[in-house]
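**Q** After the structure tokens below, expect a handful of questions from me.
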Amino acid sequence: MRVAYIFATPLAHKALSTMILPQIEEGRHGVDVIGMMFFVDNTFFLVKGTDLGERLQKLHEQSGLYLQACDQCTYERNLQDSFIPGAVIGCFPDLYKALASVGGVDLAITL
């Protein structure tokens, strides 16, 4: 199964850092995660030099995991020059196009 995660809630950090990422890193998540999109303060997860940012960048480099920050959320927080290599800034149409280009997803999960 091919999955994309959308991180939109204030508690998304815990799910990503203590459950999803460790499972992916250990090869036991059980699905192929092909993309992640980050909204509001969750855009800070993609900042270079942070633990989550570095872990996400490593996954991107290893698997091609698509990482996208909401454009409006990014500009409101002045983060446009702060993201890890491989993370992109965009809106839903960009997410749809990117996920379709790799064969689409079976399930999108919002946290």
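**Q** So what's the back-of-envelope 222 nm ellipticity for the chain, counting only DSSP H runs of four-plus at -39500 (n - 2.57) apiece and dividing by all residues, rounded to 500?
**A** -9000 deg cm²/dmol
**Q** Checking the cross-link filter: which lysines have an alpha carbon closer than 18 Å to that of Lys48, excluding same-chain neighbours under 8 positions apart?
**A** Leaving aside lysines fewer than 8 places away in the same chain, those within reach of Lys48 are Lys58.
**Q** Taking the number of other C-beta atoms within 10 Å as the exposure measure, put Ser101, Ser82, Ser17 in order starting with the fewest.
**A** Lowest to highest Cβ neighbour count: Ser101, Ser17, Ser82.
**Q** Moving on to the next point. Please work out the Kirkwood hydrodynamic radius for region 2-110, using every pair of different C-alpha atoms, and report it in angstroms with one decimal place.
**A** Taking the inverse mean of 1/r over all distinct Cα pairs, region 2-110 comes out at 13.7 Å.
**Q** So how far apart, in nm, are the two label points at Thr50 and Thr9 if each is 7 Å from Cα heading toward Cβ?
**A** 1.9
**Q** Consider a paramagnetic label point 7 Å from the Cα of Gln80 along Cα→Cβ; state which residues of region 7-43 have an amide N under 15 Å from it.
**A** Answer for region 7-43: none.
**Q** I'd like the isolated cysteines in the chain, meaning no second cysteine's beta-carbon lies under 4.7 angstrom from theirs.
**A** Cys91 - these cysteines have no disulfide-compatible partner (Cβ-Cβ under 4.7 Å) in the chain.
Read-outs throughout are calculated quantities, based only on the coordinates presented, and are distinct from any laboratory measurement. As the structure is a prediction and not an experimental result, all values here were calculated from the model. Note that each Cβ is placed from the backbone with ideal geometry, even for glycine, and that neighbours are counted across all protein chains shown.
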